[in-house]
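The values are calculated or read from the model by the stated rules, or taken from the named source; none is laboratory data. Computed from a prediction, not measured in an experiment: that's the story for all the values here. Heads up, the Cβs are rebuilt from the backbone with ideal geometry, glycines too, and the neighbour counts pull from every protein chain shown. All accessible areas refer to the heavy atoms of the entire protein, side chains included, with ligands and DNA or RNA removed. Shrake-Rupley method; radii C 1.70, N 1.55, O 1.52, S 1.80 Å.
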Amino acid sequence: MNRLIHWFHLIGNPRKLLDSLLLKMPWALSDRLYIECTWRTKMSYKLDLDNPQTYNEKLQWLKLFDRQPIYTTMVDKYAVKKYVAEIIGEKHIIPTIGVWERPEDIEWDKLPNQFVLKCTHDSGGLVICRDKETLDKKAAIKKLNKSLHNNYYMAGREWPYKNVHRRILAEKFMSDEFGDLRDYKFFCFNGEPKMMFLLKERSKKARLNFYDLDFNKLPFERGYPNFDDEVEKPKGWDEMIKLARMLSKNIPQVRVDFYDINGEIYFGELTFSPGSGFETFYPEEWDKTIGEWIKLPARSLS
């Protein structure tokens, strides 16, 4: 009876009803309604999907109205390798060791001493093995199962992830001179990289800096605080910019990630909605400044 009274109360208060659905039954909300509700809980200004101006607003618009089938391939951590290799070459692809439908199917005996395991549809959930003899396989399987069952699409309604084939991917273990493999994440707009961020101390307290294409630090934060260390321009900087242009051609907005290992460039991943479009800029005016770089296409879904 108390639960019934609770729901009658919510029906009489639409805002509380939507907030309750957002927390308890997100699948009951349409993509647009979910995005609007989530926006209200995370952002400091009203969402305008009819005339979006800021970077975060335009990411929400793109999530709803720019739904190209190829985007599903581009976010699939296994399928994207062939797609990218056909554009920039196989030499930039981290070698695949194996692919399995379930963690329980992993052929441990056939894996080298060092490797990386990840799910093809998820973010995070990595199992990094530096010594197979000391790897806790039960813990690894548990972590991968959790990641495999994570509905990444539902978390932010990033449409490209909705229909990715969920699998377990094993890749060659890669390392650089820093010990903590650095990835360089380029924000690209219709084939033109405009800025990049470098994330440090991801295993501890993550910090990141944004840089322009001349490798000058940009004066804002988004998602994480800045770090103070001076960082040298990576050896493969110009090569990464060239490859980012190739991979982002004719796409309104996509982040292209690379690893630079002693000047050898390896592809990381493609991301269409960094921070799912719910991360605040400090100072806030950068939200609009970067939003001006996105030229919205015609709607592909109404």
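Data for the structure
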| item | result |
| --- | --- |
| Pairs, first under 17 Å from Asn56 (Cβ atoms) and outside any strand (DSSP E or B) in segment 216-228, second open to solvent by 60 Å² or more (accessible area, probe 1.4 Å) and modelled with pLDDT of 95 or more, C-beta under 8 Å, six or more apart | Phe220/Tyr282 |
| Tally of residues being under 22 Å from Leu218 (Cβ atoms) and either of a type in the set (D, E, K, R) or at pLDDT below 95 (or both) across segment 270-302 | 7 |
| Count of residues meeting criterion [among the polar types (S, T, N, Q) and surrounded by fewer than 17 Cβ atoms within 10 Å (Cβ to Cβ)] in segment 126-159 | 3 |
| Matching residues, segment 248-262, being touching an Asp or Glu at 6+ places or on another chain (Cβ under 8 Å) and assigned to a loop (DSSP other than H, G, I, E, B) | Ser248, Pro252, Asn262 |
| Qualifying residue in segment 50-57 (condition: closer than 18 Å to Phe281 by Cβ, surrounded by fewer than 17 Cβ atoms within 10 Å (Cβ to Cβ) and either within 19 Å of the chain's Cα centre (by Cα) or not basic (Lys, Arg) (or both)) | yes |
| Options Arg299, Arg245; residue that is of a type outside the set (A, V, I, L, M, F, W, C), open to solvent by 10 Å² or more (accessible area, probe 1.4 Å) and in a helix (DSSP H, G or I) | Arg245 |
| Qualifying residue in segment 268-289 (condition: touching a His at 6+ places or on another chain (Cβ under 8 Å) and in a strand (DSSP E or B)) | no |
| Any hit, segment 116-134, residues being part of a helix (DSSP H, G or I) and either in contact with a Gly (Cβ under 6 Å, 6 or more places away or on another chain) or not basic (Lys, Arg) (or both) | yes |
